[in-house]
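The values are calculated or read from the model by the stated rules, or taken from the named source; none is laboratory data. Remember, predicted model here, so these are calculated numbers, not experimental data. Neighbour counts run over all protein chains shown; Cβ positions are idealised from the backbone, glycine included. Accessible surface areas use protein heavy atoms only, side chains included; no ligands, DNA or RNA. Shrake-Rupley method; radii C 1.70, N 1.55, O 1.52, S 1.80 Å.
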Amino acid sequence: RAEKTEVLSEDLLQVEKRLELVKQVSHSTHKKLTACLQGQQGVDTDKRSKKLPLTTLAQCLMEGSAVLGDDSLLGKMLRLCGEAEDKLAQELIHFELQVERDVIEPLFVLAEVEIPNIQKQRKHLAKLVLDMDSSRTRWQQSVKSSGLASNLQPSGAKADALREEMEEAANRVEICRDQLSADMYNFVAKEVDYANYFQTLIEVQAEYHRKSLALLQNVLPQIKAQQEAWMEKPSFGKPLEEHLAISGREIAFPVEACVTMLLECGMQEEGLFRVAPSASKLKKLKAALDCCVVDVQEYSADPHAIAGALKSYLRELPEPLMTFELYEEWIQASNIPEQEKRLQALWSACEKLPKANYNNIRYLIKFLAKLTEYQDTNKMTPSNVAIVLGPNLLWPQADGNMTEMMTTISLQIVGIIEPLIQHADWFFPGDIEFNVTGNYGSPMHVNHNANYSSMPSPDMDHTDRRQHDQARRPLSVATDNMMLEFYKKDGLRKIQSMGVRVMDTSWVARRGTSGVRKASSTPPATQPPAPPTDLPTTPHSPIPEQSPDISATPSPLLTSFGFPPGAER
């Protein structure tokens, strides 16, 4: 066998090696790109659209919208999203067709046609070179066998035939080599074109995503507008300002709804805000309030559920009604020993509340003050109301140990809330309309379980009031007595053991008469700074003048935690 003659230059040999590498990369890229297509490759637009997952999703959303109807928010959302998904599907089809035409097919031609053709031509050249080498070997052997010198031409027909065969083989090799070299040089020159396939891929993807983003940005304002126009939004656990802005209200819906219903059916209920409601009733009422749908007739039979819902709303606010920002100022005001200075410090903190918080705390404190007018019947004195409701109106931003909070923080909060309730007309002068929207309550209250009838006046005789209450029974027996007993028996002892300063109240005059109790809740005679412009102002101090018999008797002050020091407590 003759030795193989190498007819390619070193440069072309390097190109030959590169051909195989480019073929492998192109084949792999083509395979992966084809797998990325969501539609069926090689079919028309309609058939591709039917097989596309986005098209199926769009059809599902539109069918759901038709089932729910456009009168519901969910139906409107499904329709808008279904239309958007359908448009995105059309953009995706256009994108895949362009990628298939400009990237996938050229890569297939490169990997499966152009490079294999060059490699096939290279194999043919190798065969021609082998034939040429064989012809040369036979001719050389013929020359040697004739006995002629190597520098002389052999003679005879056989030698001529061998020489012609060798020349023809060499000619065929030269032609094939020239063609192969041209193809290889073309391949090298077209590498820029091959690289453009991948640039085109990125450009097509960028255009697809730009169009898709434009579609989404166009539909998003429509979706948000539908949501903002939908008034039925949950209020529990939402910021107060957000709820008021969405609903266009000044008083939070759960606060107004609960207060108005309690004014109609709960003012005489013993242990209101202290007796725990049925968990299922409370959960149902909270869900109804979140939907802005409340059946007054149904819940008027269980005022404890209404009170529990109001407490839950206040506690679930992301920020307490009396705000984190003013927390330290409230606590410092409650620690002032002198009553007049303490009340004026509390008044100053009230004036610093944001408008939304001020309006709602004023509304709530006015209601609680009205509730305590019936304390002989409902047993909810200002102190008791402050104990069970105060921790829902103010709490520190970072809750620490629960026991520490109950002993120190909550007792100080009671000292803040109790004076606000006792002197509600001084802190918040002027009358207030509780049924602001006029949507709650009814002219005639119907009590389905006959626990109580009409609400008696706080001026009713005690004997008549007892007869009026004989048939009344609380609907829930689970109570918060533990909290009350904790404050009354162990609260001060525990905070003293924890090192918290408690003001010595031994100097406070203790009297057990109701007259002295009323005197102890008299607001200071000193007029605080002028109230803000949005509150009704009077040319004189809103504080009523003390009667001569009361002013002659020293008025006992509140302790540092706000407990009225009456002997009956």
Odd one out for His27, checked against (1) at pLDDT below 85; (2) on the phi < 0 side of the Ramachandran plot; (3) not aliphatic (A, V, I, L, M): (1)
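Going by the structure shown, is Ala257 of a type in the set (A, V, I, L, M, F, W, C) and open to solvent by 10 Å² or more (accessible area, probe 1.4 Å)? It would help to see each step written out before you state the result.
Details: of a type in the set (A, V, I, L, M, F, W, C): yes; open to solvent by 10 Å² or more (accessible area, probe 1.4 Å): no.
When the stated conditions are applied, Ala257 does not pass them.
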Residues satisfying the stated conditions in segment 383-420, i.e. over 20 Å from Asn357 (Cα atoms), small (Gly, Ala, Ser) and at pLDDT 90 or above: Ser383
Qualifying position, being open to solvent by 10 Å² or more (accessible area, probe 1.4 Å), touching a residue at least 24 places away in the same chain (Cβ under 8 Å) and either out of contact with any Ser or Thr (no Cβ under 9 Å at 6 or more places or on another chain) or part of a helix (DSSP H, G or I) (or both), among Ala288, Ala309, Ala301: Ala301
Selection within segment 333-349 - buried (at least 21 other Cβ atoms within 10 Å of the Cβ), within 14 Å of Gln422 (Cβ to Cβ) and out of contact with any Gly (no Cβ under 6 Å at 6 or more places or on another chain): Arg342, Leu343, Leu346, Trp347
Conditions (1) modelled with pLDDT of 85 or more; (2) outside any helix (DSSP H, G or I); (3) under 24 Å from Ala356 (Cβ atoms): number failed by Ser235: (1)
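In this structure, does Ile223 turn out to be open to solvent by less than 50 Å² (accessible area, probe 1.4 Å), assigned by the TED database to the domain that holds Ile93 and part of a helix (DSSP H, G or I)? Reasoning before the result, please.
Details: open to solvent by less than 50 Å² (accessible area, probe 1.4 Å): yes; assigned by the TED database to the domain that holds Ile93: yes; part of a helix (DSSP H, G or I): yes.
Answer is yes for this residue.
Against the definition (at negative phi and assigned to a helix (DSSP H, G or I)), how does Ile251 come out, yes or no?
no
Restrict the check to segment 264-282 and report whether at least one residue is free of Cβ contacts under 8 Å to residues at least 24 places away in the same chain, in a helix (DSSP H, G or I) and more than 25 Å from Tyr358 (Cβ to Cβ).
There is at least one residue in segment 264-282 that is free of Cβ contacts under 8 Å to residues at least 24 places away in the same chain, in a helix (DSSP H, G or I) and more than 25 Å from Tyr358 (Cβ to Cβ).
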Any hit, segment 424-432, residues being modelled with pLDDT of 85 or more, within 31 Å of the chain's Cα centre (by Cα) and either in the same structural domain as Phe253 (by the TED database) or not in a helix (DSSP H, G or I) (or both): no
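Considering only helices (runs of 4 or more DSSP H) fully contained in segment 7-123, which possess at least 2 residues that are in contact (Cβ under 8 Å) with a residue 12 or more places away in the chain, within 30 Å of Ser181 (Cα to Cα) and open to solvent by less than 60 Å² (accessible area, probe 1.4 Å)? I'd like the intermediate steps shown before the answer.
Details: elements: 10-36, 45-50, 53-68, 73-99, 105-109.
Output list reads 10-36, 105-109.
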